[in-house]
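Working notes for the structure below.
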Amino acid sequence: MVNYIILGATGSIGTQALNILRFNNYNLVAFSYGNNTDKAIDIIKEFKPKYVSTNDTLRIEELRSLFPDVVIYEGNDGNNKIASLYKGEAVVINALVGSAGLKPTEIAIKNKNKVLLANKETLVIGGEIIMNLAKENNVEIIPIDSEHSAIYQLLVGHKREEIKRIIITASGGPFKNKKKEELESVSVEDALNHPNWKMGSKITIDSATLMNKGFEVIEAHHLFNLPLDMIDTIIHPESIIHSMVEFKDYSIFAQMGSSDMHLAINYAINGPTHSKCDIIKPLDLTKVSALHFEALDLTKHKLVNLAYEVVKKGSFYPTVLNASNEVAVELFLNKKIKFTDIEKIITEEVSSYSKFDMEFTIDNILKLDKDIKEKLRKIYS
Ligand code: MG
(Lines give C-alpha, C1' and ligand atoms only; values in the text may rest on other atoms or scores of the structure.)
Protein backbone atom coordinates (compact mmCIF):
# COMPACT_ATOMS: atom_id res chain seq x y z
CA MET A 1 0.00 0.00 0.00
CA VAL A 2 1.33 3.44 -0.97
CA ASN A 3 1.86 5.96 1.81
CA TYR A 4 0.37 9.33 0.91
CA ILE A 5 1.51 12.61 2.45
CA ILE A 6 -0.34 15.88 1.83
CA LEU A 7 1.27 19.27 2.40
CA GLY A 8 -1.47 21.86 2.78
CA ALA A 9 -4.30 19.39 3.44
CA THR A 10 -7.00 21.84 4.52
CA GLY A 11 -6.74 24.11 1.44
CA SER A 12 -8.70 23.80 -1.79
CA ILE A 13 -6.38 21.30 -3.56
CA GLY A 14 -5.63 19.49 -0.29
CA THR A 15 -9.33 18.95 0.36
CA GLN A 16 -9.89 17.61 -3.15
CA ALA A 17 -6.84 15.35 -2.83
CA LEU A 18 -8.39 13.92 0.34
CA ASN A 19 -11.59 13.24 -1.64
CA ILE A 20 -9.57 11.22 -4.15
CA LEU A 21 -7.75 9.29 -1.40
CA ARG A 22 -11.09 8.57 0.28
CA PHE A 23 -12.70 7.40 -2.97
CA ASN A 24 -9.80 4.99 -3.62
CA ASN A 25 -9.49 3.94 0.01
CA TYR A 26 -5.83 5.03 -0.01
CA ASN A 27 -3.63 5.48 2.99
CA LEU A 28 -2.86 8.99 4.35
CA VAL A 29 0.13 8.67 6.69
CA ALA A 30 0.94 12.33 7.29
CA PHE A 31 -0.25 15.83 6.47
CA SER A 32 0.47 19.47 7.19
CA TYR A 33 -1.94 22.39 7.35
CA GLY A 34 -2.03 26.10 8.19
CA ASN A 35 -4.55 27.34 10.75
CA ASN A 36 -7.77 25.44 10.13
CA THR A 37 -7.45 23.17 13.16
CA ASP A 38 -11.15 22.27 13.23
CA LYS A 39 -10.87 20.79 9.75
CA ALA A 40 -7.55 19.12 10.64
CA ILE A 41 -9.19 17.39 13.61
CA ASP A 42 -11.82 15.89 11.28
CA ILE A 43 -9.09 14.71 8.89
CA ILE A 44 -7.13 13.05 11.73
CA LYS A 45 -10.26 11.28 12.98
CA GLU A 46 -11.14 10.00 9.52
CA PHE A 47 -7.74 9.11 8.01
CA LYS A 48 -5.78 8.30 11.20
CA PRO A 49 -2.38 9.60 10.03
CA LYS A 50 0.71 9.05 12.18
CA TYR A 51 2.21 12.52 11.69
CA VAL A 52 0.70 16.00 11.44
CA SER A 53 2.29 19.44 11.15
CA THR A 54 0.47 22.67 12.00
CA ASN A 55 1.05 26.43 11.84
CA ASP A 56 -1.69 26.95 14.44
CA THR A 57 0.69 27.04 17.42
CA LEU A 58 -2.05 28.32 19.75
CA ARG A 59 -3.90 25.01 19.44
CA ILE A 60 -0.94 22.66 19.29
CA GLU A 61 -1.29 21.44 22.92
CA GLU A 62 -4.99 20.79 22.36
CA LEU A 63 -4.11 18.66 19.31
CA ARG A 64 -1.47 16.75 21.27
CA SER A 65 -3.87 15.91 24.06
CA LEU A 66 -6.69 14.96 21.66
CA PHE A 67 -4.40 12.64 19.65
CA PRO A 68 -1.60 11.37 21.93
CA ASP A 69 -0.57 8.72 19.36
CA VAL A 70 -0.04 11.24 16.56
CA VAL A 71 3.35 12.96 16.29
CA ILE A 72 2.65 16.70 15.94
CA TYR A 73 5.21 19.03 14.35
CA GLU A 74 4.95 22.75 13.78
CA GLY A 75 5.73 25.48 11.25
CA ASN A 76 7.91 25.43 8.14
CA ASP A 77 10.24 22.99 9.80
CA GLY A 78 7.25 20.72 10.33
CA ASN A 79 6.45 20.81 6.61
CA ASN A 80 10.02 19.77 5.87
CA LYS A 81 9.89 16.90 8.40
CA ILE A 82 6.59 15.66 6.95
CA ALA A 83 8.03 15.73 3.39
CA SER A 84 11.00 13.58 4.46
CA LEU A 85 9.00 10.74 6.06
CA TYR A 86 8.85 7.14 4.70
CA LYS A 87 11.97 7.64 2.57
CA GLY A 88 11.43 6.25 -0.93
CA GLU A 89 8.10 4.75 0.06
CA ALA A 90 5.83 7.77 0.09
CA VAL A 91 4.07 9.98 -2.42
CA VAL A 92 4.08 13.63 -1.39
CA ILE A 93 1.20 15.78 -2.65
CA ASN A 94 2.48 19.35 -2.41
CA ALA A 95 -0.57 21.64 -2.22
CA LEU A 96 1.17 24.50 -0.40
CA VAL A 97 0.72 28.08 -1.61
CA GLY A 98 3.64 30.28 -2.66
CA SER A 99 7.40 29.95 -2.18
CA ALA A 100 6.76 27.98 1.03
CA GLY A 101 6.40 24.96 -1.26
CA LEU A 102 9.98 24.97 -2.53
CA LYS A 103 11.96 23.59 0.41
CA PRO A 104 9.57 20.69 1.16
CA THR A 105 9.73 19.68 -2.54
CA GLU A 106 13.53 19.64 -2.38
CA ILE A 107 13.43 17.56 0.80
CA ALA A 108 10.89 15.09 -0.60
CA ILE A 109 13.07 14.55 -3.69
CA LYS A 110 16.26 14.13 -1.64
CA ASN A 111 14.42 11.49 0.37
CA LYS A 112 13.37 9.76 -2.88
CA ASN A 113 9.68 10.41 -2.37
CA LYS A 114 7.62 10.89 -5.53
CA VAL A 115 6.12 14.39 -5.76
CA LEU A 116 2.67 15.29 -7.07
CA LEU A 117 3.05 19.02 -7.53
CA ALA A 118 0.21 21.51 -7.22
CA ASN A 119 2.57 24.20 -5.86
CA LYS A 120 3.62 25.84 -9.15
CA GLU A 121 5.83 28.39 -7.38
CA THR A 122 8.30 25.56 -6.69
CA LEU A 123 9.05 25.35 -10.41
CA VAL A 124 8.67 29.07 -11.08
CA ILE A 125 11.49 30.02 -8.71
CA GLY A 126 13.53 26.83 -8.48
CA GLY A 127 12.63 24.87 -11.62
CA GLU A 128 16.14 24.30 -12.91
CA ILE A 129 17.49 23.06 -9.57
CA ILE A 130 14.41 20.98 -8.73
CA MET A 131 14.22 19.21 -12.11
CA ASN A 132 17.96 18.38 -12.00
CA LEU A 133 17.62 17.13 -8.45
CA ALA A 134 14.67 14.94 -9.46
CA LYS A 135 16.72 13.47 -12.31
CA GLU A 136 19.72 12.78 -10.05
CA ASN A 137 17.53 11.07 -7.47
CA ASN A 138 15.42 9.25 -10.05
CA VAL A 139 12.27 10.79 -8.58
CA GLU A 140 9.18 11.58 -10.62
CA ILE A 141 7.43 14.96 -10.45
CA ILE A 142 3.84 14.75 -11.63
CA PRO A 143 1.87 17.95 -12.29
CA ILE A 144 -1.46 18.68 -10.60
CA ASP A 145 -2.03 22.04 -12.33
CA SER A 146 -4.89 21.36 -14.81
CA GLU A 147 -3.04 22.70 -17.86
CA HIS A 148 0.09 20.72 -17.13
CA SER A 149 -1.88 17.62 -16.28
CA ALA A 150 -3.56 17.98 -19.69
CA ILE A 151 -0.21 18.20 -21.50
CA TYR A 152 1.21 15.36 -19.40
CA GLN A 153 -1.80 13.19 -20.32
CA LEU A 154 -1.54 14.12 -24.01
CA LEU A 155 2.16 13.22 -24.19
CA VAL A 156 1.72 9.65 -22.97
CA GLY A 157 2.85 7.37 -25.80
CA HIS A 158 4.55 10.20 -27.72
CA LYS A 159 8.18 11.10 -28.13
CA ARG A 160 9.58 14.55 -27.40
CA GLU A 161 10.80 14.81 -30.99
CA GLU A 162 7.19 14.68 -32.20
CA ILE A 163 6.18 17.89 -30.39
CA LYS A 164 5.92 21.09 -32.40
CA ARG A 165 4.60 23.17 -29.52
CA ILE A 166 2.33 23.09 -26.51
CA ILE A 167 -0.62 25.46 -26.19
CA ILE A 168 -1.62 26.49 -22.68
CA THR A 169 -5.22 27.65 -22.49
CA ALA A 170 -6.30 30.66 -20.39
CA SER A 171 -9.87 31.56 -19.53
CA GLY A 172 -8.87 35.22 -19.42
CA GLY A 173 -10.24 35.51 -15.89
CA PRO A 174 -13.15 37.64 -14.64
CA PHE A 175 -11.89 40.87 -16.24
CA LYS A 176 -11.33 39.58 -19.77
CA ASN A 177 -13.55 42.22 -21.38
CA LYS A 178 -12.68 45.13 -19.10
CA LYS A 179 -10.71 48.16 -20.28
CA LYS A 180 -7.57 49.26 -18.50
CA GLU A 181 -9.34 52.26 -16.89
CA GLU A 182 -12.11 50.02 -15.57
CA LEU A 183 -9.58 47.78 -13.85
CA GLU A 184 -8.54 50.68 -11.59
CA SER A 185 -11.70 50.33 -9.55
CA VAL A 186 -12.35 46.57 -9.39
CA SER A 187 -12.88 45.23 -5.88
CA VAL A 188 -11.40 42.22 -4.09
CA GLU A 189 -14.82 40.56 -4.34
CA ASP A 190 -14.93 41.11 -8.13
CA ALA A 191 -11.45 39.64 -8.51
CA LEU A 192 -12.30 36.60 -6.38
CA ASN A 193 -15.26 35.81 -8.61
CA HIS A 194 -13.65 33.57 -11.26
CA PRO A 195 -16.03 32.66 -14.12
CA ASN A 196 -15.15 28.94 -14.36
CA TRP A 197 -12.99 27.67 -11.50
CA LYS A 198 -13.48 27.66 -7.75
CA MET A 199 -10.01 27.91 -6.19
CA GLY A 200 -8.06 29.33 -3.26
CA SER A 201 -7.89 33.14 -3.00
CA LYS A 202 -4.21 33.59 -3.99
CA ILE A 203 -4.49 31.65 -7.25
CA THR A 204 -7.84 33.29 -8.04
CA ILE A 205 -6.20 36.74 -7.92
CA ASP A 206 -3.27 35.38 -9.96
CA SER A 207 -5.84 34.25 -12.54
CA ALA A 208 -7.47 37.68 -12.61
CA THR A 209 -4.13 39.43 -13.29
CA LEU A 210 -3.06 36.55 -15.59
CA MET A 211 0.13 36.24 -13.52
CA ASN A 212 -1.02 32.64 -13.10
CA LYS A 213 -0.74 32.07 -16.86
CA GLY A 214 2.76 33.53 -16.81
CA PHE A 215 3.67 31.17 -13.97
CA GLU A 216 2.24 28.28 -15.94
CA VAL A 217 4.49 29.09 -18.91
CA ILE A 218 7.53 28.94 -16.60
CA GLU A 219 6.21 25.78 -14.95
CA ALA A 220 5.75 24.07 -18.36
CA HIS A 221 9.21 25.18 -19.52
CA HIS A 222 10.84 23.31 -16.62
CA LEU A 223 8.44 20.40 -16.25
CA PHE A 224 8.50 19.36 -19.91
CA ASN A 225 12.00 20.68 -20.62
CA LEU A 226 10.78 22.75 -23.58
CA PRO A 227 12.27 26.02 -24.87
CA LEU A 228 10.06 29.10 -24.53
CA ASP A 229 9.44 29.30 -28.28
CA MET A 230 7.65 25.95 -28.07
CA ILE A 231 5.26 27.21 -25.38
CA ASP A 232 2.24 29.24 -26.50
CA THR A 233 -0.81 30.54 -24.70
CA ILE A 234 -4.33 31.06 -26.04
CA ILE A 235 -7.49 32.57 -24.58
CA HIS A 236 -10.26 29.98 -24.36
CA PRO A 237 -13.02 31.48 -22.20
CA GLU A 238 -15.03 28.26 -21.63
CA SER A 239 -12.16 26.41 -19.85
CA ILE A 240 -13.31 23.14 -21.43
CA ILE A 241 -9.99 22.39 -23.12
CA HIS A 242 -7.40 22.31 -20.39
CA SER A 243 -4.46 22.58 -22.80
CA MET A 244 -3.23 21.24 -26.13
CA VAL A 245 -0.21 19.71 -27.83
CA GLU A 246 0.54 20.35 -31.47
CA PHE A 247 2.69 17.67 -33.09
CA LYS A 248 5.03 18.15 -36.05
CA ASP A 249 2.40 16.95 -38.52
CA TYR A 250 0.16 19.83 -37.28
CA SER A 251 -2.19 17.44 -35.57
CA ILE A 252 -3.47 19.15 -32.42
CA PHE A 253 -4.50 17.03 -29.43
CA ALA A 254 -6.68 18.60 -26.75
CA GLN A 255 -7.66 17.32 -23.32
CA MET A 256 -11.19 18.26 -22.28
CA GLY A 257 -13.16 17.94 -19.10
CA SER A 258 -15.25 19.92 -16.65
CA SER A 259 -13.55 22.62 -14.58
CA ASP A 260 -12.92 20.19 -11.75
CA MET A 261 -9.47 19.77 -10.19
CA HIS A 262 -10.38 16.27 -9.03
CA LEU A 263 -9.56 15.14 -12.59
CA ALA A 264 -5.96 16.38 -12.52
CA ILE A 265 -5.47 15.14 -8.94
CA ASN A 266 -6.88 11.69 -9.73
CA TYR A 267 -4.64 11.39 -12.79
CA ALA A 268 -1.59 12.45 -10.79
CA ILE A 269 -2.39 9.82 -8.17
CA ASN A 270 -3.58 6.95 -10.40
CA GLY A 271 -2.07 7.82 -13.80
CA PRO A 272 -0.96 7.09 -16.41
CA THR A 273 -4.21 5.10 -16.18
CA HIS A 274 -7.50 6.93 -16.61
CA SER A 275 -9.10 5.23 -13.63
CA LYS A 276 -12.74 5.35 -12.64
CA CYS A 277 -13.55 8.21 -10.30
CA ASP A 278 -17.20 8.99 -9.67
CA ILE A 279 -16.57 12.22 -7.77
CA ILE A 280 -15.31 13.98 -10.91
CA LYS A 281 -18.02 16.14 -12.43
CA PRO A 282 -18.70 14.75 -15.93
CA LEU A 283 -18.68 17.12 -18.90
CA ASP A 284 -21.96 17.27 -20.80
CA LEU A 285 -20.88 18.19 -24.33
CA THR A 286 -24.48 18.89 -25.40
CA LYS A 287 -24.50 21.75 -22.89
CA VAL A 288 -21.31 23.21 -24.34
CA SER A 289 -22.72 25.22 -27.21
CA ALA A 290 -19.41 26.47 -28.60
CA LEU A 291 -15.68 26.64 -27.91
CA HIS A 292 -13.98 29.97 -28.52
CA PHE A 293 -10.33 30.87 -29.02
CA GLU A 294 -8.54 34.17 -29.34
CA ALA A 295 -4.93 35.24 -29.24
CA LEU A 296 -3.56 36.21 -25.86
CA ASP A 297 -2.18 39.69 -26.42
CA LEU A 298 1.21 39.95 -24.70
CA THR A 299 1.21 43.76 -25.03
CA LYS A 300 -2.03 43.91 -23.02
CA HIS A 301 -1.28 41.07 -20.60
CA LYS A 302 2.05 42.41 -19.42
CA LEU A 303 2.52 39.93 -16.58
CA VAL A 304 2.44 36.99 -19.01
CA ASN A 305 5.03 38.79 -21.11
CA LEU A 306 7.11 39.50 -18.00
CA ALA A 307 7.08 35.79 -17.15
CA TYR A 308 8.68 34.99 -20.52
CA GLU A 309 11.21 37.78 -19.91
CA VAL A 310 12.31 36.62 -16.47
CA VAL A 311 12.86 33.06 -17.70
CA LYS A 312 15.08 34.39 -20.49
CA LYS A 313 17.10 36.37 -17.94
CA GLY A 314 17.22 33.34 -15.65
CA SER A 315 18.83 32.99 -12.21
CA PHE A 316 16.94 34.95 -9.53
CA TYR A 317 14.66 37.00 -11.83
CA PRO A 318 11.76 34.54 -11.48
CA THR A 319 12.27 34.71 -7.68
CA VAL A 320 11.80 38.50 -7.80
CA LEU A 321 8.72 38.09 -9.98
CA ASN A 322 7.18 35.59 -7.60
CA ALA A 323 8.06 37.30 -4.32
CA SER A 324 6.75 40.68 -5.45
CA ASN A 325 3.59 39.00 -6.76
CA GLU A 326 2.97 37.19 -3.47
CA VAL A 327 3.21 40.44 -1.51
CA ALA A 328 1.17 42.45 -4.06
CA VAL A 329 -1.64 39.87 -3.99
CA GLU A 330 -1.59 39.86 -0.18
CA LEU A 331 -1.75 43.70 -0.12
CA PHE A 332 -4.64 43.68 -2.60
CA LEU A 333 -6.55 41.03 -0.62
CA ASN A 334 -6.06 43.17 2.49
CA LYS A 335 -7.38 46.17 0.55
CA LYS A 336 -4.13 48.10 0.91
CA ILE A 337 -3.58 48.61 -2.84
CA LYS A 338 -5.65 48.78 -6.04
CA PHE A 339 -5.94 45.86 -8.44
CA THR A 340 -3.84 47.66 -11.05
CA ASP A 341 -1.08 48.27 -8.47
CA ILE A 342 -0.30 44.53 -8.51
CA GLU A 343 1.16 44.74 -12.01
CA LYS A 344 2.89 48.03 -11.18
CA ILE A 345 4.61 46.71 -8.04
CA ILE A 346 5.82 43.53 -9.76
CA THR A 347 7.10 45.32 -12.87
CA GLU A 348 8.97 47.93 -10.82
CA GLU A 349 10.53 45.35 -8.54
CA VAL A 350 11.72 43.13 -11.40
CA SER A 351 13.22 46.07 -13.30
CA SER A 352 15.09 47.28 -10.20
CA TYR A 353 17.60 44.41 -10.48
CA SER A 354 20.45 44.26 -12.95
CA LYS A 355 22.52 41.44 -11.48
CA PHE A 356 22.75 39.10 -8.51
CA ASP A 357 26.03 38.45 -6.73
CA MET A 358 25.29 35.08 -5.27
CA GLU A 359 25.27 31.45 -6.24
CA PHE A 360 21.94 30.16 -7.58
CA THR A 361 20.91 27.76 -4.79
CA ILE A 362 17.62 26.98 -3.09
CA ASP A 363 18.75 28.59 0.15
CA ASN A 364 19.71 31.81 -1.67
CA ILE A 365 16.38 31.80 -3.57
CA LEU A 366 14.55 31.60 -0.24
CA LYS A 367 16.75 34.27 1.33
CA LEU A 368 16.09 36.71 -1.53
CA ASP A 369 12.39 35.80 -1.44
CA LYS A 370 12.25 36.68 2.26
CA ASP A 371 14.21 39.94 1.83
CA ILE A 372 11.99 41.17 -1.02
CA LYS A 373 8.81 40.33 0.87
CA GLU A 374 9.98 42.09 4.04
CA LYS A 375 11.03 45.14 2.05
CA LEU A 376 7.76 45.44 0.07
CA ARG A 377 5.57 44.83 3.13
CA LYS A 378 7.40 47.65 4.92
CA ILE A 379 6.94 50.04 1.99
CA TYR A 380 3.25 49.40 1.36
CA SER A 381 1.64 48.69 4.73
MG1 MG B 1 -3.75 26.06 -13.92
Single residue of region 100-116 satisfying the filter (outside any helix (DSSP H, G or I) and touching a residue at least 40 places away in the same chain (Cβ under 8 Å)) that is surrounded by the most Cβ atoms within 10 Å (Cβ to Cβ): 116
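When you scan region 271-284, how many residues do you find that are surrounded by fewer than 16 Cβ atoms within 10 Å (Cβ to Cβ) and either closer than 17 Å to residue 142 by Cβ or aliphatic (A, V, I, L, M) (or both)? Let's see the steps before the verdict.
In the first step, residues of region 271-284 are kept if they are surrounded by fewer than 16 Cβ atoms within 10 Å (Cβ to Cβ); the result is 272-276, 278-279, 281-284.
Among the residues that remain, those that are also either closer than 17 Å to residue 142 by Cβ or aliphatic (A, V, I, L, M) (or both) are: 272-275, 279, 283.
Going through region 271-284 one residue at a time, the tally reaches 6.
Could you tell me which of the residues 59, 22 is basic (Lys, Arg), assigned to a helix (DSSP H, G or I) and either open to solvent by less than 60 Å² (accessible area, probe 1.4 Å) or more than 22 Å from residue 269 (Cα to Cα) (or both)? First the steps, then the outcome.
On the way: 22 fails: either open to solvent by less than 60 Å² (accessible area, probe 1.4 Å) or more than 22 Å from residue 269 (Cα to Cα) (or both).
None of the other options fit; the residue is 59.
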Exactly one of these conditions fails for residue 228: (1) open to solvent by 20 Å² or more (accessible area, probe 1.4 Å); (2) farther than 23 Å from residue 177 by Cβ; (3) within 15 Å of the ligand (Cβ to nearest atom). Give me its number. (3)
Got at least one residue in region 80-90 being open to solvent by 10 Å² or more (accessible area, probe 1.4 Å), touching a residue at least 40 places away in the same chain (Cβ under 8 Å) and within 27 Å of residue 232 (Cβ to Cβ)? no
Can we say residue 97 is β-branched (Val, Ile, Thr), open to solvent by 60 Å² or more (accessible area, probe 1.4 Å) and within 16 Å of the ligand (Cβ to nearest atom)? yes
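Which residue is farthest from the ligand (Cβ to nearest atom), if the candidates are limited to region 191-211 and must be in a helix (DSSP H, G or I) and without any contact (Cβ under 8 Å) to a residue 60 or more places away in the chain? Before you say what the answer is, go through the steps one by one.
First pass over region 191-211, keeping only residues in a helix (DSSP H, G or I): 191, 201-209, 211.
Checking the rest, the ones that are also without any contact (Cβ under 8 Å) to a residue 60 or more places away in the chain come to 204, 207.
Details: 204: 11, 207: 8 Å.
So the residue we want is 204.
Yes or no: residue 163 over 22 Å from residue 359 (Cα atoms) and either open to solvent by 60 Å² or more (accessible area, probe 1.4 Å) or away from the ligand (no atom under 16 Å from the Cβ) (or both)?
Yes: the conditions hold for residue 163.
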Could you grab the pairs with beta carbons closer than 6 Å, sequence gap of 6+ or different chains, first residue in region 144-156 and among the aliphatic types (A, V, I, L, M) and within 11 Å of the ligand (Cβ to nearest atom), second one open to solvent by less than 20 Å² (accessible area, probe 1.4 Å) and assigned to a helix (DSSP H, G or I)? 144/264; 144/265; 144/268
For region 242-251, indicate whether the set of residues that are closer than 28 Å to residue 125 by Cα, more than 16 Å from the ligand (Cβ to nearest atom) and open to solvent by 30 Å² or more (accessible area, probe 1.4 Å) is non-empty. no
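The values are calculated or read from the model by the stated rules, or taken from the named source; none is laboratory data. Values in this document were obtained by computation on a predicted structure and should not be read as measured data. Here the Cβ is made from the backbone with ideal geometry for all residues, glycine too, and neighbour counts use every protein chain on show. Surface areas here come from the heavy atoms of the whole protein model, side chains and all, with no ligands, DNA or RNA. Shrake-Rupley method; radii C 1.70, N 1.55, O 1.52, S 1.80 Å.
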